[in-house]
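Notes follow the structure.
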């Protein structure tokens, strides 16, 4: 059997569904055959600009049709790509550049400030800014280059791409995923979700978020059409966008579905085509599942659980929801999940412990961070990679996972993963703030920032504006709570458990 | 009687958590940058229709029409 390479997905899709639409947005429609051709041209263009197998290619942009093509072109030559959010802060971007040492960066003309201090070649979408015209290139030049022979590159366990998330220290870290990881997980997920070539999927989640990006792989495997949307579309216009494009599949996060429920209840739009709603990023509350089922009787709702380090852990089938309320489903076929005690013992069914994942979905570790990697990834006695998730719950006798809590070191909010530390640090940059502690109020789904300050309490909006200079919008707290002093642990760290207790008392 | 414009700006303010309370809200301010997200836009739509006793036609409910106060003013007047 030949070793799986990510580009196999595109080659197979172009052979199997040449005339079917792969990507569409506004006026642009790209079929699978056209995509394969464009990707080859772009891959040749990347080679001509000195990008080699193993080099990193960073892509900073909103969702747009060019993005999947760029990633597939990087893959085609064996380069390692990473998609970064278009809203990225200059500082985090520079940290990531420092870590990755990219051979090529692709930017949008609307973020010229990201160019400052970049040593690598830059390709611009929407035109090359005048001041960089002498040394940089346009996307069009990359796309319209001559096709050259492309040398084969390693697939299998070779690194395919990096997904940057917040580490426990608040610093960005790159989760490494291999060709084999993607090949395995795409098949395993499609076994449960079963996208069809007649499907039309709305990609509203940003592709910098891994579940957004993986939709490209699922499309390649199934031959479905992907509408390239943006997260701003998950507001009042959402039902009508879904109707206009006859969307059948919506991959989402709880806030997206909350919006869909709200808008569809307020001003219903017939959505007869909708057949699959898949949720990840955060727990979809049971009442929301019920409302979705009521509003869209023909659609099937799939609650899922996963983390970037292994992409997907478990999927609950719609027909299993009634008998397994609040479960996040069974582990993917070919993988195993169990709960472990603090002493490292595998727990009996029903007992609560930390989830451990074992299987070909477990990624390679963190990019150039051996210590962080050692904390979260282990090898079993027979050499299989294990992931220590940091999440707590139980696996019942039927193999269904029941999620209890995330570790206090990581927060999932609005589908984004963040470290409380980065939010606390951003707050402490304000000269008025003396201490900060961030936790999520799970019952109210709000991100709470506890603060202590010098003198008078600053205006909330003024502090939000300061925070917004250092934090992406999704990481801005929903609530600011001032205390005279923050509770501390024995070693003088902010005591998040005590903060949590304050919220509980309040309720 | 306050003008439509004043009523609109007053209605908008609580949705904009990045707008300092002592700062005036310009008609061409980008609402997204002031903290309005897509989920809140739905609440805003409901609040607008109630306050101004209108039903905004479906085809006018677009991502763009929530871009600035001026865009919203066009929806309700």
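What follows is calculated from the coordinates using simple rules that are stated; it is not laboratory data. As the structure is a computational prediction, the values presented were derived from the model and not from experiment. With ideal geometry, Cβ positions are generated from the backbone for all residues, glycine too; neighbour counts draw on all protein chains shown.
Where helices (runs of 4 or more DSSP H) fall wholly inside region A:199-286, the ranges with 2 or more residues that are within 14 Å of another protein chain (Cβ to nearest Cβ), in contact with a helix residue (DSSP H, G or I) (Cβ under 6 Å, 6 or more places away or on another chain) and surrounded by fewer than 21 Cβ atoms within 10 Å (Cβ to Cβ) are A:254-266. Counting only residues that are more than 8 Å from every other protein chain (Cβ to nearest Cβ) and either under 21 Å from residue A:479 (Cβ atoms) or surrounded by fewer than 18 Cβ atoms within 10 Å (Cβ to Cβ) (or both), region B:17-30 holds 6 of them.
Elements of the type helices (runs of 4 or more DSSP H) sitting completely within chain B and holding at least 3 residues that are over 27 Å from residue A:256 (Cα atoms) and in contact with a helix residue (DSSP H, G or I) (Cβ under 8 Å, 6 or more places away or on another chain): these cover B:4-12.
Considering only residues in region B:53-71 that are surrounded by fewer than 17 Cβ atoms within 10 Å (Cβ to Cβ) and farther than 16 Å from residue B:27 by Cβ, the one that is nearest to the other protein chains (Cβ to nearest Cβ) turns out to be B:58. For residue A:336, are the conditions met, namely being away from every other protein chain (no Cβ under 14 Å), surrounded by 18 or more Cβ atoms within 10 Å (Cβ to Cβ), closer than 21 Å to residue A:391 by Cβ and touching a strand residue (DSSP E or B) at 6+ places or on another chain (Cβ under 8 Å)? The answer is no for residue A:336.
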